[in-house]
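Just so you know, all these numbers are worked out from the coordinates, no wet-lab data involved. None of these values were measured; they are calculated from a predicted model. Positions of Cβ are backbone-derived with ideal geometry, glycine not excepted, and every protein chain shown enters the neighbour counts.
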Amino acid sequence: MKAVCWQGIGQVGVEDVPDPYILNPRDAIVKVTATAICGSDLHLYDGYVPTMYRGDILGHEFMGEVVEVGPGVSNLSVGDRVVVPFPIACGNCFYCERELYSLCENSNPNAQLAERLWGHSPAGIFGYSHLTGGYAGGQAEYVRVPFADVGPLVVPESLEDEQVLFLSDVLPTGYMAAEQCDIEEGDTIAVWGCGPVGLFAIRSAKLLGAGRVIAIDRYPERLGKASAAGAEMTVNYEEVDVLEILKELTGGRGPDACIDAVGMEAHVRGVSHAYDRIKQAMRLESDRPAVLRQAILACRSGGVVSVAGVYGGFVDKMPFGAVMNKAITIKSGQTHVHRYMRSLLERIESGELDPSFIITHRLSLDEAPLGYEMFRNKEDECVKVVFLLVPRPSVASPISIPLS
Ligand code: NAD
Ligand code: ZN
Ligand code: ZN
C-alpha cells in the first residue's frame, strides 16, 4: 500500500510499504478514506520530537471503513464507517476508567523511553514517534487500529468525511482546551494561535458561554477564520504589544483564562525569539515557550492557563513566580479524545457545529510532500490540509428522475 513516510527533517515521501494485518485479537484494519496533517505533525517534520526513524508512517487524524476485525472486537463490523481517536487506549486501566484516555497505561509498548524523559508515559499515539509507541500512522491507505473495541466511533452516512474527520483530534482538542478554562458566563478568554486547534478552541469557548474571545495570530486569513469561529476581537501580535493590549481590553486585570494553541515552535521576533531559537538549535532547550510565557503573564490573578499546544521537553525562563504569586492554574494534556467524540458528533449532527470550515486544501495522498511544505510555511493561505483517498459521492446530490 501507499503511505506517507518520515524521511528526515523537512522531508516526507509517499512510499510503498507492506499492508498492515491483525496482530492482536482487539485490532481492526481500517481502509482510510480521509486523513489530515496536524500542527503536531509539523513538530515531527521540523525534527523537534526525538525517536523518529526514516520510514516511519505519519498521521494521527484519519477515518475510513472497517475492512477486517480481530476476534476480540464485537462492536464493529466490516463495512462500518469510523473516525479513529489519535490516542490509543485500552479502556480498562486506571486512567481509561477515569476517562483520561491519553494517559492509558497499556498502549505504549515503549513506555520505558517516555518514563526516562517525563517520569511516566502517556498513551500510545498513531504515527507519533517511538516515544509514544512507534505505531504506524493513518496517512496511508490502510491502518491497523489496536483496541478497536474502544476507540473508533461509527459515524452516520448522512455526514460527509470533511464534517466528521476532525473528531479524531483537533475538534476535541480545541474543545478540551476551552473546557479546561472553567468558563463562567461572560468570561474573557484569550487564545494564542488561530490554526485548527485555536479555531476550535474559540468556537468551543463561545459554546461554553464565554462573553468575549480575543484571538491572537499574525496571518490575516487565520484571524479572519477566528472571527468566523466567534472571536469578538482579533490581535495581530506583530502589530501591537500583546500584553499591553490584553490589559487595555480587560480594564487592567487580564483575561479570565488564556489558551496556548501554539506550542513548542512559537514564533516571536526580537531578542527573546533569537534566545529560544539558538538554545533550541543547540539542544540546550527543547521547546520555544514564548507563548506560554506570555499567557502566564497576561492571565488575570486566579485565572487558568490552558495549554493545548504540544511541548516535548524542557523550557527555559518560565515565569513561575507569576504562576505562584498570581495563583494561576495550569491545565494541559494530550486530548482525551474518546471522552468528547460522541457529544461533539451530536453537535455536528444537529447542525450546531460544522468543523469543515477550517479546510483550505484538499489533496491526494501522493501530494503529501507539497501539503506538508505548504502547511509548514503557511503558504497559499493554508490552514488545514486534508488528503481525500476515496471521494464519496455527495449525499446531498439530488437523484435525477428521467422525465419520460
Ligand atoms: P498550526 O501550525 O496550524 O497553528 C499554529 C498557529 O500558531 C499558527 O497560526 C501560527 O501563526 C501561530 N503562532 C505562532 N507563534 C505565535 C505567537 N507568538 N503568538 C500567537 N500565535 C502564534 O497548528 P495546529 O494544528 O493549530 O496546532 C497547534 C498546536 O496544538 C500544536 O503545538 C500542536 O502540536 C498542538 N496539538 C495538541 C493536541 C493535544 O492533544 N494537546 C492535539 C492537536 C494539536
Ligand atoms: Zn494532532
Ligand atoms: Zn487504558
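Tabulated data
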| quantity | calculated |
| --- | --- |
| Gaussian network model of the chain, Cα within-10 Å springs - most flexible of Ala89, Ala177, Ala290 | Ala290 |
| Cβ-Cβ FRET estimate between Val67 and Glu99, R0 fixed at 41 Å, reported to 0.05 | 0.90 |
| Among the listed pairs Lys2/Lys378; Lys247/Lys378; Lys279/Lys317; Lys2/Lys31; Lys247/Lys326, those beyond 20 Å (Cα-Cα) | Lys2/Lys378; Lys247/Lys378 |
| Local net charge near Val310, Cβ-Cβ under 11 Å (Lys/Arg +1, Asp/Glu -1) | -4 |
| Under 21 Å from the Cα of Lys384 - lysines, other chains or at least 8 residues apart | Lys225 |
| Charge sum, other residues only, whose C-beta stays under 11 Å from Asn236's C-beta, Lys/Arg counted +1 and Asp/Glu -1 | -1 |
| With at most 11 neighbouring Cβ atoms within 10 Å, loop trypsin sites (Lys or Arg not before Pro) (DSSP) excluded, longest segment of the chain | 99-268 |
| Segment 106-259, relative contact order in percent, only Cα pairs under 8 angstrom and at least six apart counted | 16 percent |
| Under-5 Å amide H pairs with Glu61, H placed in peptide plane, nonlocal only | Ala36, Gly138 |
| Unit charges at the beta carbon, dipole of the chain: most positive-side option, Met233, Gln280, Cys93 | Gln280 |
| Contour minus Cα-Cα distance for Glu160 and Asp46 (0.36 nm per residue) | 37.9 nm |
| Computed E for Glu239/Ser350 - FRET, C-beta separation, R0 25 angstrom, nearest 0.05 | 0.05 |
| Counted charge near Glu349, where neighbours are those whose Cβ lies closer than 13 Å (Asp, Glu -1; Lys, Arg +1) | -3 |
| Highest average packing first - 186-194, 306-314, Cβ atoms within 10 Å | 186-194, 306-314 |
| Selection of chymotrypsin sites (Phe, Trp or Tyr not before Pro), segment 20-68, meeting DSSP coil and at most 12 other Cβ within 10 Å | Tyr21, Tyr53 |
| Net length gained if the chain between Phe357 and Ser77 were fully extended (0.36 nm per residue, minus Cα distance) | 97.7 nm |
| Segment 170-259, relative contact order in percent, only Cα pairs under 8 angstrom and at least six apart counted | 32 percent |
| Two-site FRET efficiency, Lys247 against Arg277, from Cβ-Cβ distance with R₀ of 25 Å, rounded to 0.05 | 0.35 |
| Point-to-point label distance, Val323-Arg218, nm (Cα→Cβ direction, 7 Å offset) | 2.6 nm |
| Selection of GluC sites (Glu not before Pro), segment 279-352, meeting DSSP coil and at most 14 other Cβ within 10 Å | Glu352 |
| Spacing of the two label points (7 Å from each Cα toward its C-beta) at Glu232 and Asp316, in nm | 3.9 nm |
